[in-house]
1. Restricting attention to the range 62-75, which residues are of a type outside the set (Phe, Trp, Tyr) and over 10 Å from the mean Cα position of the chain (by Cα)?
2. From the residues in the range 102-122 that are modelled with pLDDT of 95 or more and loosely packed, with under 15 Cβ neighbours inside 10 Å, which one is farthest from Pro55 (Cα to Cα)?
3. Please determine, by comparing only the residues of the range 84-98 that are at pLDDT 95 or above and more than 18 Å from Ser126 (Cα to Cα), which one is least open to solvent (accessible area, probe 1.4 Å).
4. Answer yes or no as to whether Ile107 is in contact (Cβ under 8 Å) with a residue 60 or more places away in the chain and of a type in the set (A, V, I, L, M, F, W, C).
Amino acid sequence: MASTHIDIDTAPWAVGTAFCGQSAIYEGKEIVQVKMLSDRRAEGGGSAWLVKFSPPPGKLIKIVATARSDEHVFNLEGGRGTKTGQPVRSSGGYTLNPKGQPHSAFIGQETVAFVVYSGELDEIHSMEVVDIEAAEAASP
């Protein structure tokens, strides 16, 4: 198989529905966008993606998922946050969600991550946009 080369700067962002379903669109706006860098699942391999999360102002994107294969996430810009929208992991952070691992994330700022799956993409149980204030009131 030949090498694959992609110019990241000129590759267009696509709506993230293939990545996380219709929840990638909130009130008519794309809040999850992707650049698929490679997809070798048909040959028994994995896939690599750039994923951009863009929560609306004053809101969080809340994701609950289970890894269907090893998922490697490297934050390039932004990062995960708390229920109150405060950053927890910033750019440069790395996470491994091994196959079968339930996991979740709150994203309160524009975030770009390099995500590599060893096989199938995560099973997304829910992805919703919540008010930061509502998340604060719900925290113990």
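The values are calculated or read from the model by the stated rules, or taken from the named source; none is laboratory data. Every value quoted in this text rests on a predicted model; they were computed, and no experiment measured them. All Cβ positions, glycine included, derive from the backbone under ideal geometry; neighbour counts span all protein chains shown. Only protein heavy atoms, including side chains, enter the accessible area calculation; ligands, DNA and RNA are left aside. Shrake-Rupley method; radii C 1.70, N 1.55, O 1.52, S 1.80 Å.
1. First, pick out the residues of the range 62-75 that are of a type outside the set (Phe, Trp, Tyr): 62-73, 75.
Across the range 62-75, the qualifying residues are Lys62, Val64, Ala65, Thr66, Ala67, Arg68, Ser69, Asp70, Glu71, His72.
2. Glu120
3. That would be Pro98.
4. Working: in contact (Cβ under 8 Å) with a residue 60 or more places away in the chain: no; of a type in the set (A, V, I, L, M, F, W, C): yes.
Spelling it out, it is not the case that Ile107 is in contact (Cβ under 8 Å) with a residue 60 or more places away in the chain and of a type in the set (A, V, I, L, M, F, W, C).
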